[in-house]
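What follows is a set of notes on a single structure, which appears directly below.
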Amino acid sequence: HVTSIPFEALDVQLGLVPSLEPDAIFDKLVRRRRGGWCYEMNGLFGAALEAIGFSVTRLSCGVMRQDGGDERMGTHLALLVACDGTWLSDVGFGGSLLEPLPLAAGERHDAPYTVSLRQTDDGYWRFSEQADTSFGYDFRAEPADEALLVAQRDWQASHPASNFTVNFVAQKRHPDRHLVLRGRVLTERDSEGTTAHTIGDAEDFITTLADRFGIADPRAHEIWPRVETRHRELFEAAA
């Protein structure tokens, strides 16, 4: 899944709220060959696992909860899957995990990342991905608060302070490297390090989405002015 379907939030940039309904997610990601964010990616993957007989628990997770507290809970959907033990299965966090991770303290190298699980002092599990920086989320090994997931989906899809409304993001995982397009900046990370390239114009943007991420949606033209403006704001501020 992670090497075939890109993580992307184009719909949010277009002013749309991505659906949580399984049929709508299947239509978008499979029939229309688009990508999606965690609620869609893990929603689809969890439904597929259940359809072939696996026991799946949806998880309400808090991205970087150590910084933002419990208000971050529900900002990410992940899965626990029972199969000769219990496994954290997550195809919707941008692609650091290449395979499920046993629900036990430990770490593993999924090049170019080191991924790990540990228990926090207040009883949560913490997943971390480590490369240039550390990023991750906390969760309890219990069924998700579905109302909280809906509320956080709505906030992230529409609030002006949401990372997804502020800036366009797409990610694509390969077995040995990871591509991230954030606004106009295309970053490629592998075991040798990280390289970055700035997208030149709207046509370059559309071509990059199609060729590097497999996202062929003509509506992407509509968001280019916002992408360009946001890039200018960020880099002029930095200068």
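In the stretch 57-70, the count of residues that are touching a Leu at 6+ places or on another chain (Cβ under 6 Å) and within 21 Å of T133 (Cβ to Cβ) is zero. Filtered by the rule that a residue be open to solvent by 50 Å² or more (accessible area, probe 1.4 Å), of a type in the set (V, I, T) and within 19 Å of G94 (Cβ to Cβ), the stretch 1-57 gives a lone residue, T3.
Every condition in (1) open to solvent by 30 Å² or more (accessible area, probe 1.4 Å); (2) out of contact with any Lys or Arg (no Cβ under 9 Å at 6 or more places or on another chain); (3) among the acidic types (D, E); (4) under 25 Å from R153 (Cα atoms) holds for D122 except the one numbered (4). Which residue is nearest to L49 (Cα to Cα), if the candidates are limited to the stretch 79-98 and must be without any contact (Cβ under 8 Å) to a residue 24 or more places away in the chain and of a type outside the set (G, A, S)? Ranking the candidates gives W87 first. Filtering the stretch 18-38 to residues that are under 19 Å from V227 (Cα atoms) and out of contact with any strand residue (DSSP E or B) (no Cβ under 9 Å at 6 or more places or on another chain) leaves nothing.
All of S116, S96, S60 fail the test of being outside any helix (DSSP H, G or I) and open to solvent by 20 Å² or more (accessible area, probe 1.4 Å), apart from S116.
Does the stretch 40-48 contain at least one residue that is assigned to a strand (DSSP E or B) and in contact with an Asp or Glu (Cβ under 9 Å, 6 or more places away or on another chain)?
Looking through the stretch 40-48, none of the residues is assigned to a strand (DSSP E or B) and in contact with an Asp or Glu (Cβ under 9 Å, 6 or more places away or on another chain).
Selection within the stretch 99-113: residues that are open to solvent by less than 80 Å² (accessible area, probe 1.4 Å) and in a loop (DSSP other than H, G, I, E, B). The member of this set that is modelled with the lowest pLDDT is A111.
Listed here are the helices (runs of 4 or more DSSP H) enclosed by the stretch 128-239 that have at least 2 residues being closer than 27 Å to G68 by Cβ: 146-158, 163-166, 224-238. The set of residues in the stretch 181-239 being more than 19 Å from L14 (Cα to Cα), free of Cβ contacts under 8 Å to residues at least 60 places away in the same chain, surrounded by 15 or more Cβ atoms within 10 Å (Cβ to Cβ) and of a type in the set (K, R) consists of R212 alone.
At pLDDT 95 or above and not polar (S, T, N, Q): which single residue out of A216, A157 fits that description? Explain how you work it out, then say what you get.
Working: A216 fails: at pLDDT 95 or above.
Result of the check over A216, A157: A157.
For the stretch 181-213, enumerate the residues that are hydroxyl-bearing (S, T, Y) and modelled with pLDDT under 95. Explain how you work it out, then say what you get.
Looking only at the stretch 181-213, we keep the residues that are hydroxyl-bearing (S, T, Y), and these are 187, 191, 194-195, 198, 207-208.
Hits for the stretch 181-213 are S191, T194.
If we scan the stretch 125-142, do we find a residue that is under 26 Å from E50 (Cα atoms), open to solvent by less than 20 Å² (accessible area, probe 1.4 Å), without any contact (Cβ under 8 Å) to a residue 24 or more places away in the chain and not hydrophobic (A, V, I, L, M, F, W, C)? Within the stretch 125-142, not a single residue is under 26 Å from E50 (Cα atoms), open to solvent by less than 20 Å² (accessible area, probe 1.4 Å), without any contact (Cβ under 8 Å) to a residue 24 or more places away in the chain and not hydrophobic (A, V, I, L, M, F, W, C). Restricting the stretch 54-111 to residues that are basic (K, R) and out of contact with any Lys or Arg (no Cβ under 8 Å at 6 or more places or on another chain), the residue that is farthest from Q156 (Cα to Cα) is R108.
The values are calculated or read from the model by the stated rules, or taken from the named source; none is laboratory data. For clarity, every value in this text was computed on a predicted model and none was experimentally measured. With ideal geometry, Cβ positions are generated from the backbone for all residues, glycine too; neighbour counts draw on all protein chains shown. Only protein heavy atoms, including side chains, enter the accessible area calculation; ligands, DNA and RNA are left aside. Shrake-Rupley method; radii C 1.70, N 1.55, O 1.52, S 1.80 Å.
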